[in-house]
Amino acid sequence: MTERRVLVIGSGIIGASIAWHLAKAGAQVTVLDASDTGGLATRNSWAWINASWGNPEPYFRLRQRAMQEWRKIDRHVPGLAVNWCGGLTWDLEPEKLEAYGRGHAAWGYGIRRVEPDEIRRLEPTLKKVPDFALHVPEEGVVEPLAAARAILAGAEALGAEVVPHARVKWLNGNDTRIIGATTDEGTFHADETIVAAGAGSQQLLNSVGHTLKLTAPAGLLAHSKPAAELLRGLLMTPGLHVRQTAEGRLVAGTDFAGSDPLDDPEASAAALITGVRELIAGGEGLELDFHSIGYRPTPADGFPAIGRPGNRDGLYVAVTHSGVTLAPALGLFAAQELLNGQRDPLLSPYHPDRPELA
Ligand SMILES: Cc1cc2nc3c(=O)[nH]c(=O)nc-3n(C[C@H](O)[C@H](O)[C@H](O)COP(=O)(O)OP(=O)(O)OC[C@H]3O[C@@H](n4cnc5c(N)ncnc54)[C@H](O)[C@@H]3O)c2cc1C
């Protein structure tokens with residue numbers, strides 16, 4: 001069964017991970033992407049790997065498992081270089097922050113309350129420290145485009161073929177079975193066709209009569225020019241989330257998912273960098289280099305959509321927000337379901353046919 005021909009549509013972090021896990025399991029994998037490789041939402045992501053606030057417990061469990069899978073894939077894929085730098089959070093009102101810390105600690109998250117002295121030790125450049133914060137040493141970050149491309153290269157090393165600039169116009173098949181896809185260049189036949197096309201997934205599923213209600217809200221991030229090391233980990237402060245990239249840029253949004261670009265995105269980005277200058281000692285000379293605007297593929301109820309739409313043979317979909325966090329687990333689980341017919345119990349709430357997405 002593992003020699004099945006699989007077509008993966010989309011080479012963002014989700015398609016890349018699915019392709020890698022399938023190739024590793026022995027499938028014949030072809031990845032198609034309408035544009036350059038590495039994804040659209042992916043390249044504009046803040047890329048925080050976490051199982052942080054606002055989670056119902058089943059979703060927390062999935063995210064926590066995904067964090068473990070990042071550690072595994074990090075050992076197998078050359079050049080992935082996940083930065084397990086930890087995250088420091090105080091962007092909630094004190095009672096909510098405490099409740100989040102207590103709740104997640106009870107679920108087994110490595111989260112702990114830290115007092116001002118320790119906050120200063122963790123991030124010595126903070127100009128003002130809060131009365132308390134929550135610290136999660138096991139949270140991490142990747143440089144998202146580089147990570148997606150490293151995983152794709154890993155899949156290619158395992159025999160996968162990656163085809164950029166191949167836009168899928170529609171899926172092929174009938175009411176019972178999907179047998180591949182048609183691009184501007186021609187038709188690709190496959191035993192399994194996986195739609196991992198981010199915000200483009202809806203249109204592809206529509207082409208064979210499936211509905212998947214998605215939104216794609218815009219998120220703006222400001223990127224400074226590279227600077228000397230100013231931050232050790234990820235900072236989630238009220239109205240400003242900021243991290244420093246491997247090349248030294250400070251990347252900031254009002255929220256990790258990006259700010260509303262508003263009418264003047266460049267002015268919004270400049271205001272974010274001003275906020276970073278006010279937050280970090282040594283950051284006074286920071287200059288805005290550019291801003292990015294990404295569109296987060298988000299199933300209508302905010303949770304992943306992964307599985308066989310309409311239980312149709314030969315067709316599978318994987319679309320989600322928090323895709324950087326979730327990619328290694330979703331890739332593993334998709335490969336297991338496609339090749340062995342085993343659906344991981346952690347995916348139970350996330351079938352694409354649930355009524356919320358109709
Ligand atoms: C500003 C911002 C901040 C974020 N922060 C975080 C965060 O901190 N942590 C986190 O976990 N997640 C975060 N996310 C979400 C995360 O980035 C996304 O969930 C993830 O990147 C989605 O990956 P994907 O592979 O599904 O989609 P994409 O990266 O969009 O890739 C989909 C690919 O499919 C291709 N495609 C589309 N249609 C077709 C077609 N017809 N034919 C062929 N190819 C096609 C596209 O060209 C694209 O390359 C953030 C997102 C944004 C925008």
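The values are calculated or read from the model by the stated rules, or taken from the named source; none is laboratory data. Remember, it's a predicted structure, so these values are computed and weren't measured experimentally. With ideal geometry, Cβ positions are generated from the backbone for all residues, glycine too; neighbour counts draw on all protein chains shown. The area values use the complete protein model at the heavy-atom level, side chains included, leaving out ligands, DNA and RNA. Shrake-Rupley method; radii C 1.70, N 1.55, O 1.52, S 1.80 Å.
A few notes on this one:
- Enumeration of residues in region 260-298 that are part of a loop (DSSP other than H, G, I, E, B), of a type in the set (A, V, I, L, M, F, W, C) and more than 30 Å from GLU356 (Cβ to Cβ): ALA281, LEU286
- Test: residue in region 16-29 that is open to solvent by 60 Å² or more (accessible area, probe 1.4 Å) and away from the ligand (no atom under 15 Å from the Cβ): yes
- Annotation note: Cβ proximity below 6 Å between a residue of region 242-258 that is open to solvent by 40 Å² or more (accessible area, probe 1.4 Å) and basic (Lys, Arg) and a residue that is within 11 Å of the ligand (Cβ to nearest atom) and at pLDDT 95 or above (sequence gap 6+ or interchain) occurs for no pair.
- Yes/no for GLY87 being at pLDDT 95 or above, within 16 Å of the ligand (Cβ to nearest atom) and farther than 30 Å from VAL8 by Cβ: yes
- Which listed residue, of LEU221, LEU235, is in a strand (DSSP E or B), more than 11 Å from the ligand (Cβ to nearest atom), within 23 Å of LEU92 (Cα to Cα) and touching a residue at least 40 places away in the same chain (Cβ under 8 Å): LEU235
- Residue satisfying condition, being away from the ligand (no atom under 16 Å from the Cβ), assigned to a loop (DSSP other than H, G, I, E, B), farther than 30 Å from ILE119 by Cα and not polar (S, T, N, Q), within set ASP301, ASP353: ASP353
- You will find that of SER17, SER52, the residue that is of a type outside the set (A, V, I, L, M, F, W, C), outside any helix (DSSP H, G or I) and in contact (Cβ under 8 Å) with a residue 60 or more places away in the chain is SER52 and no other.
- Selection count where residues are near the ligand (Cβ under 6 Å from one of its atoms), among the small types (Gly, Ala, Ser) and over 20 Å from THR215 (Cα atoms), scope region 32-46: 1
- Flag if ILE306 is in contact with a helix residue (DSSP H, G or I) (Cβ under 6 Å, 6 or more places away or on another chain), touching a residue at least 12 places away in the same chain (Cβ under 8 Å) and within 16 Å of the ligand (Cβ to nearest atom): yes
- Being small (Gly, Ala, Ser), in contact with a strand residue (DSSP E or B) (Cβ under 6 Å, 6 or more places away or on another chain) and either within 21 Å of VAL142 (Cβ to Cβ) or within 16 Å of the ligand (Cβ to nearest atom) (or both) is not true of ALA246.
- Members of region 309-345 found to be on the phi < 0 side of the Ramachandran plot, away from the ligand (no atom under 16 Å from the Cβ) and either part of a helix (DSSP H, G or I) or of a type in the set (Phe, Trp, Tyr) (or both), listed by number: GLN336, GLU337, LEU338, LEU339, ASN340, PRO345
- Helices (runs of 4 or more DSSP H) fully within region 79-173 that include at least 2 residues being surrounded by fewer than 17 Cβ atoms within 10 Å (Cβ to Cβ), without any contact (Cβ under 8 Å) to a residue 12 or more places away in the chain and of a type in the set (D, E, K, R): 94-106, 116-122.
- Subset of region 183-205 (residues that are free of Cβ contacts under 8 Å to residues at least 40 places away in the same chain and more than 11 Å from the ligand (Cβ to nearest atom)): GLU185, GLY186, THR187
- Qualifying residue in region 278-294 (condition: open to solvent by less than 50 Å² (accessible area, probe 1.4 Å), polar (S, T, N, Q) and either in contact (Cβ under 8 Å) with a residue 24 or more places away in the chain or more than 15 Å from the ligand (Cβ to nearest atom) (or both)): yes
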